[in-house]
Structure formats: C-alpha cells, structure tokens
Amino acid sequence: MPKATLSRTTSKLLALLLIPAILYTIPLESIYEGESLCLFKRFLNTECWGCGITRAFFSVLYGHFTLAWEYNPLITIVFPLFAWLWLKEIFNTAKKLKAQT
C-alpha cells in the first residue's frame with residue numbers, strides 16, 4: 001500500500017477518536033446561552049422538530065439526560081444513531097488500516 005494512503009487512514013482514525021474530546025472542550029455556556037441558528041425559528045418565529053437538538057446532544061455528552069429530554073425528546077433517537085454511525089466509521093477505518101499494514 002502507498003504510504004500516503006496509510007497516513008490518510010491513520011489520520012482519519014485519529015480524528016474520529018478525537019471527536020468526543022473536541023466536543024467536550026466547547027464551553028457549555030456558548031451552547032446553552034447562544035443565539036439560535038435555526039432558520040425556521042428565526043423567520044417563522046416558531047420551533048421546528050430539530051430545535052434544541054444541539055443543546056440536547058451536549059446535555060447527553062455531559063450526562064444531563066433529563067435536561068436533554070427537556071430540550072428535545074428526539075434526542076433518544078438522534079444520539080444513539082449518531083453514536084452508532086460514529087462507532088461504525090471507527091471500526092471500518094480501523095479494519096481498513098489493518099488491511100493496509
């Protein structure tokens with residue numbers, strides 16, 4: 001295998017493994033108290049189904065499950081889905097890295 005491909009795969013795996021640490025370093029104040037980016041809410045002045053999902057996601061990361069539910073109950077579907085996709089990508093990348101060596 002070319003060295004560049006091996007290096008790219010290793011970098012991808014490292015980046016995937018660092019995602020939770022990077023998310024954990026984002027200050028919660030900026031997430032909880034920041035202005036909403038939802039265009040639906042800004043222009044129509046009403047909440048969409050996705051409103052609060054970012055705050056709910058960060059609440060789950062910090063172990064505040066009740067707060068996450070209050071922000072958006074759909075977090076019970078969204079967070080496990082994201083976690084499964086993230087883990088699947090890690091395992092696929094690790095398998096690819098193992099095959100390259």
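The values are calculated or read from the model by the stated rules, or taken from the named source; none is laboratory data. Just so it is clear, the model here is predicted, and its values are computed rather than measured. Counting neighbours? That spans all protein chains shown, and the Cβs are built from the backbone with ideal geometry, glycine included.
Within the stretch 67-86, the set of residues being under 19 Å from Pro20 (Cα atoms) and of a type outside the set (Phe, Trp, Tyr) comprises Ala68, Ile75, Thr76, Ile77, Val78, Pro80, Leu81, Ala83, Leu85. Please go through (1) at pLDDT 95 or above; (2) under 18 Å from the mean Cα position of the chain (by Cα) for Thr66 and return the number of the only condition it doesn't satisfy. The failed condition is (2). Just one residue in the set Leu74, Leu87, Leu67 is in contact with a Ser or Thr (Cβ under 6 Å, 6 or more places away or on another chain) and either over 30 Å from Thr5 (Cα atoms) or without any contact (Cβ under 8 Å) to a residue 24 or more places away in the chain (or both); that residue is Leu67. Among the residues making up the stretch 1-39, those that are at pLDDT below 85 and either in contact with a Gly (Cβ under 8 Å, 6 or more places away or on another chain) or among the acidic types (Asp, Glu) (or both) are Glu35, Cys38.
Are any of the residues in the stretch 50-66 farther than 16 Å from Ala83 by Cβ and aromatic (Phe, Trp, Tyr)? No, because not a single residue in the stretch 50-66 is farther than 16 Å from Ala83 by Cβ and aromatic (Phe, Trp, Tyr).
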